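In what follows, a structure is listed as structure tokens, so that the remarks can point back to it.
The values are calculated or read from the model by the stated rules, or taken from the named source; none is laboratory data. Because the structure is a prediction, the values reported are computed rather than measured. Every residue, glycine among them, receives a Cβ derived from its backbone with ideal geometry; neighbour counts consider all protein chains shown.
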Amino acid sequence: MMPQAIEAPFWHALLPRLGSPAEFSAARDLFGRCKFDYANVCRRVGVEHLYLLTTKLEGEYLKRPVGDGLDAFLRLFVIGRGMEWPEVERLVGGEGAACLEALQLLARQPDRCQFGFAPVMALPSPGGAVMVCDRNSSPEGVAIGQPTADALYPALFPNTLDFVARFPQTPCESILEIGTGTGTGAIQWAKLAREVWATDITPRAVHFAEFNRRLAGADNVRVVEGDLYQPVEGLTFDRIACHPPFVPAKKSAVIFRDGGEDGEQIVRRVVEGLPRFLRPGGLFWASFMISDRAGEPAEARIRTWLGESEVEFDIGLAIDTRRTVAETIAHTVLNGIGSPEEVCYFGDLWRGNRTEYLVHASVLIRRQACSGEGPREPVTARTQAGKGFAARHLEWLLDWNAAQREPGFAQQVLACRPVLAPVCELRAVHRLEAGKAVTEEFSVEAEGPLRVSCRVPGWLAKMLVACDGSLSAREWFEALRGGGSIPENGDPLEFVQIVSGLVSAGVLNPIIPSPPAD
């Protein structure tokens, strides 16, 4: 069950102070000297990622003696326990403790001035910055649930980490992050652009994001308050990113979570704004849950949100998870992430709008660059996200699908020398018939950035095993036709479609021969 909102504790009003550049510089230096970074924190508590830090592990860690500044920061900012003030000064220095107190990262208990605590969490991110957000327990370790509708959770959960890490890494002029929250994405992407804008609807989020960008020294990030695009009206961007709330809710109670009556209202409004705010050649990047409905797969509905300008946009969807309505409701109940009333609402909603699957996916929308010939036919692609997946893999998939519509594509495929991708496994299923093992089916599994699992006929399985780049696709076609696997009158264009599909799935790598030297 989702925690119910309760009266905010006194420290909820102790927002970190927007201090001077010198104070922020001193805090950065202090965190650096104490080795308060993601790798060191994970190593010290014995986890691969901070989101794996459990209450049990916290309890075990708190039994250890506090030996240095990193221990102190772990106790104060990550686990969220208080400490005697003289002990804080001993471990991080008197000037260090005073610096953190001046920025209101540390405070004293009103009735116990020698007891220090952190009114916020401060967590190192994989991108290098220390990110400040709301804490969710008392300095004594008592959980408080969700104190207010605008409270900010730490941006260190797997879906948020993936959203930030998978972002397009090509340099550009300007980036906009909508619904920035703590500012994690905007700050990490600051190195990619001359200017980064970050918007959020709540004053609390804007304050935290502004504090975090100053703490990180991200001078090219500008944080502004307002609803979606409203604060940047009149501007356009090369990259727009959004990790929106997507949980269906009759009435919004938790801002970072609730995405409107069907869970898609906020992201729909963001996509609807792309024709006005995304520059030609620009990219939109997002991560959210969306429904596949009867006769309306998610990517088709996203295209309708673009309105009359949809012909200018390519859409790529990479699925992380895909569950039926029943599976989603079971997952919600078993993980205690929805009240009985919410679960009933979800069931009625999804049955009413004919939802077949709930898909959590990364979405890349690319606006075609201007050309004198006008926009080409737009491309829509769907794939499964696998190990190491990033936006660049969706960009490649869109390029490959677009190339299939170009004149001469079939001849290029026939000229390529396909090689089985190293991440692929070919599997054969044998069953006994009359006492002998007979191969009944073959399947191919690819666990690369693009993940695939599909059955293939025997002749294709044999070809894939032997694809080492020594033969062109045309030579493979002729050999298969000569061996009877392909009919004598077989169409090479059908074979091109098979090879192209295997390339799209990440099963084959097409080695394109270099043109002869002049």
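For the reader, a short list of remarks on this structure follows.
- If you go through the stretch 96-112 and keep only what is over 14 Å from A72 (Cα atoms) and either in contact (Cβ under 8 Å) with a residue 24 or more places away in the chain or touching a helix residue (DSSP H, G or I) at 6+ places or on another chain (Cβ under 6 Å) (or both), you end up with C99, A102, L103, Q104, A107, Q109, P110.
- Leading residue by the ranking (nearest to H243 (Cα to Cα)) among those in the stretch 167-225 that are in contact with a helix residue (DSSP H, G or I) (Cβ under 8 Å, 6 or more places away or on another chain) and basic (K, R): R213
- Cβ-Cβ under 6 Å pairs, at least 6 apart or on other chains, the stretch 387-409 side in the same structural domain as F167 (by TED's automatic domain parsing) and on the phi > 0 side of the Ramachandran plot, far side buried (at least 17 other Cβ atoms within 10 Å of the Cβ) and at pLDDT 90 or above: G388/P449
- In the set (1) at pLDDT 90 or above; (2) within 20 Å of the chain's Cα centre (by Cα), L306 fails one condition alone, (2).
- Residue within the stretch 242-256 that is surrounded by 16 or more Cβ atoms within 10 Å (Cβ to Cβ), in contact (Cβ under 8 Å) with a residue 24 or more places away in the chain and touching a Ser or Thr at 6+ places or on another chain (Cβ under 7 Å) present: yes
- In this entry, E395 is excluded by the filter for residues that are surrounded by fewer than 21 Cβ atoms within 10 Å (Cβ to Cβ), among the acidic types (D, E) and assigned to a strand (DSSP E or B).
- If you filter the stretch 1-53 down to residues that are of a type in the set (D, E) and either under 21 Å from I79 (Cβ atoms) or at pLDDT 95 or above (or both), you find that the one that is surrounded by the fewest Cβ atoms within 10 Å (Cβ to Cβ) is E48.
- For the stretch 273-296, the tally of residues that are surrounded by fewer than 19 Cβ atoms within 10 Å (Cβ to Cβ) and within 26 Å of V325 (Cβ to Cβ) stands at 4.
- Condition met for A241 (within 17 Å of the chain's Cα centre (by Cα) and assigned to a helix (DSSP H, G or I)): no
- Listed here are the strands (runs of 3 or more DSSP E) enclosed by the stretch 427-518 that have at least 1 residues being without any contact (Cβ under 8 Å) to a residue 40 or more places away in the chain and under 29 Å from P407 (Cα atoms): 450-456.
- Residues that are more than 20 Å from E308 (Cα to Cα) and aliphatic (A, V, I, L, M), drawn from the stretch 367-407: A385, A390, A391, L394, L397, L398, A402, A403
- Flag for P110 being exposed (fewer than 15 other Cβ atoms within 10 Å of the Cβ) and modelled with pLDDT of 95 or more: no
- Residue within the stretch 423-438 that is closer than 25 Å to R455 by Cβ, crowded, with 17+ Cβ neighbours inside 10 Å and not small (G, A, S) present: yes
Per-residue answers, yes or no, for (1) surrounded by 21 or more Cβ atoms within 10 Å (Cβ to Cβ); (2) touching a residue at least 60 places away in the same chain (Cβ under 8 Å):
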residue: G141; (1), (2): no, yes
residue: G145; (1), (2): no, yes
residue: A149; (1), (2): no, yes
residue: A155; (1), (2): yes, no
residue: G179; (1), (2): yes, yes
residue: R194; (1), (2): no, no
residue: I201; (1), (2): no, no
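- Restricting the stretch 477-518 to residues that are of a type outside the set (A, V, I, L, M) and surrounded by 20 or more Cβ atoms within 10 Å (Cβ to Cβ) leaves a set whose member that is modelled with the lowest pLDDT is G506.
- Matching residues, the stretch 217-241, being acidic (D, E), under 14 Å from W189 (Cα atoms) and surrounded by 15 or more Cβ atoms within 10 Å (Cβ to Cβ): D238
- Condition broken by G116, with the remaining ones in (1) closer than 14 Å to P16 by Cα; (2) buried (at least 23 other Cβ atoms within 10 Å of the Cβ) satisfied: (1)
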